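Here is the structure we will look at, set down as structure tokens.
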Amino acid sequence: MKSKSTAALLAFFLGGLGIHRFYLGQNIMGILYLVFCWTFIPALIALFDFFVLIFMSESRFNYKYNLKTGF
């Protein structure tokens, strides 16, 4: 089961490399972040992702990312 706080921390600290996307099971997006990390655009998007994850409710996070695990 994925943790909302872990995903938010990964987005904040390693988001420019897309590590939070790999953690959330979005491997294609993670690869795109890695390919374009030299442009710093993924870092800006990851900062946005960080705030989205922080303000997302726990139930919405579980529905979106933990549905397959049977939260």
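The values are calculated or read from the model by the stated rules, or taken from the named source; none is laboratory data. Everything quoted here is computed from the prediction, not taken from an experiment. Here the Cβ positions follow ideal geometry from the backbone for every residue, glycine too, while neighbour counts run over all protein chains shown. Calculation scope for accessible area: heavy atoms of the full protein, side chains included, ligands and nucleic acids excluded. Shrake-Rupley method; radii C 1.70, N 1.55, O 1.52, S 1.80 Å.
Annotations for the structure displayed:
- Scanning the range 1-47 for residues that are free of Cβ contacts under 8 Å to residues at least 12 places away in the same chain and hydroxyl-bearing (Ser, Thr, Tyr), we see that the one that is nearest to residue 66 (Cα to Cα) is 3.
- Filter result (under 20 Å from residue 63 (Cβ atoms) and of a type in the set (Gly, Ala, Ser)) within the range 1-36: 3, 5, 7, 8, 11, 25
- Selection from the range 49-71 of residues that are assigned to a helix (DSSP H, G or I) and under 12 Å from residue 3 (Cβ atoms): 53, 58, 61, 62, 65
- Subset of the range 1-23 [over 12 Å from residue 52 (Cα atoms), among the hydrophobic types (A, V, I, L, M, F, W, C) and buried (at least 23 other Cβ atoms within 10 Å of the Cβ)]: 10
- Helices (runs of 4 or more DSSP H) enclosed by the range 1-47 - at least 3 residues per element that are of a type in the set (A, V, I, L, M): 4-14, 27-35
- Here is the figure for the range 35-71: residues that are more than 20 Å from residue 9 (Cα to Cα) and either open to solvent by less than 50 Å² (accessible area, probe 1.4 Å) or of a type in the set (A, V, I, L, M) (or both) total 3.
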